[in-house]
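These notes are about the structure you will find just below.
Throughout, read-outs are computed from the coordinates displayed, never taken from laboratory work. Bear in mind that the values here come from a model prediction, so they are computed numbers and not experimental data. With ideal geometry, Cβ positions are generated from the backbone for all residues, glycine too; neighbour counts draw on all protein chains shown.
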Amino acid sequence: MKIPLPENYSYEDIAEVKDDTLYIHKFCFEDLMYDLTYALKDCSKCYYCGKPISREKSTLDHLYPKDFGGPTIPENLAICCSSCNNIKTNMTEEQFVYFFSISDDEKKKEFYRDISLHNHIFMKWYGPIIPKEWISEQKAEKITVYFFMGKGINGKTYKKVEKNYKKYGRIIRPIIVDRNFKLLSSFNVLLFAKNNSIDTLPTIVLENVELD
């Protein structure tokens, strides 16, 4: 997939856009994606409730939650107020919009319980709750790691990957790579896969991004 890129974009000495490609010079992927989102999207009002906000008081929400495999890329980030972000918790955008429209508090609680169960059942049977066109299955051996991007086998992130694999029987969080299959995000997922002889991984390939 290709992520949207503004013209003449640069992020300190970390990254820049040239010839419709984002070149990353220093590894700082999530911070870079956050800054890129602000460069691309309207930060004057909350994406969900429409109330005016300043950039200083805005937050970034994952439209498809990270716990369900939602990646940190501009397509999956919304600029919103902290109130909406806190209320949305682990709902998808579509689920939250419907939840927001319910006026009765008890019905809201019932809906939240129902969709929480639905989301976990979906992941067990089908995998990450994100658009399928974002993902492809790639061989773990194709991925090149140029930077250490996690706390390693004893880290909390690694343990969460392990817990989810036991719970759902599959990798839930896709790894993200550049167009040359250099790893950009989710080092611990790749580490877990290699430690457990998992050959293929759900992968998001950013075709207009290059880590140099």
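Assorted remarks:
- Region 26-42 versus region 54-132: alpha-carbon centroid distance in Å: 20
- Hits among lysines - C-alpha to C-alpha of Lys26 under 26 Å, sequence gap 8 or more where chains match: Lys2, Lys18, Lys41, Lys66, Lys139, Lys142, Lys151, Lys156, Lys182, Lys194
- Summarising the amide proton neighbourhood of Leu22: residues at separation of 5 or more, or on other chains, whose placed amide H is nearer than 5 Å comprise Val209, Glu210.
- Charge dipole magnitude, Cβ of K and R +1, D and E -1 - region 98-178, Cα centre, debye nearest 20: 480
- Near Tyr47, the amide H atoms lying under 5 Å from its own belong to Ile79, Cys80, Cys81; only residues 5 or more places off or on other chains count, and H is placed 1.01 Å from N.
- Net charge contributed by nearby residues that have their C-beta within less than 9 Å of Cys84 (K/R +1, D/E -1): +1
- Identified option (computed Cα Rg over 2.2 N^0.38 Å; candidates [x] 1.02; [y] 1.07; [z] 1.21): [y]
- At R0 = 25 Å, FRET efficiency that the Cβ-Cβ distance of Glu137 and Asp20 yields, to 0.05: 0.40
- Within the straight-line cut-off of under 16 Å between alpha carbons, the lysines reachable from Lys109 are Lys88, sequence neighbours fewer than 8 places apart in one chain being disregarded.
- Put in order of Cβ neighbour count within 10 Å, fewest first, the listed residues Leu63, Leu211 become Leu63, Leu211.
- Amide H contacts of Gln138 (H built 1.01 Å from N, under 5 Å, at least 5 apart or other chain): Leu201, Thr203
- Two-decimal Rg/Rh across region 132-211, once Rg and the Kirkwood Rh are taken from alpha-carbon atoms: 0.94
- Within the chain: Cβ-based charge dipole about Cα centre, in debye rounded to nearest 20 (Lys, Arg +1; Asp, Glu -1): 1060
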